[in-house]
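Visitor: Okay, handing you the structure first.
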Amino acid sequence: MKYMYDIRQFDCIDSSRNTTSLLLVLDQLKLLRYHDVDVPEARGFMLDGRPPHATAVLVEKPRGTKWSIDAWTVGYGRALEIMPLALWKALD
């Protein structure tokens, strides 16, 4: 079940920043061996017919593949939506 329309849920900007902050703490604790934390990314801007949305991003070492870590589309305590950033950017 998706929770993005729940009025109690933060918006995707808050969610992506909170997830990025958590990932940065994990990185500082040396718990991310195979990834680097990148700046959040966004897709859609209404003019292209898609609603705006943001996500946290991890970069895979050493290949440089970027991954979307999207916590906003699922309920708290549920597994996050993780997918290649290029695929995430192509979604509506």
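The values are calculated or read from the model by the stated rules, or taken from the named source; none is laboratory data. Predicted model, so just to flag it, every value in this text is computed and none were measured. Neighbour counts run over all protein chains shown; Cβ positions are idealised from the backbone, glycine included.
Visitor: Count, please, the residues in the range 44-92 that happen to be of a type in the set (Asp, Glu) and either over 23 Å from ASP27 (Cβ atoms) or at pLDDT 95 or above (or both).
Guide: 3
Visitor: Could you count how many residues in the range 25-64 are out of contact with any Asp or Glu (no Cβ under 8 Å at 6 or more places or on another chain), closer than 20 Å to ILE13 by Cα and basic (Lys, Arg)?
Guide: Count: 1.
Visitor: Collect the residues in the range 57-69 that are farther than 10 Å from HIS35 by Cβ and touching a residue at least 40 places away in the same chain (Cβ under 8 Å), keeping them in residue-number order.
Guide: None; the set is empty.
Visitor: Of all residues in the range 38-79, which are touching a Lys or Arg at 6+ places or on another chain (Cβ under 6 Å) and among the polar types (S, T, N, Q)?
Guide: Scanning the range 38-79 gives a single hit, THR73.
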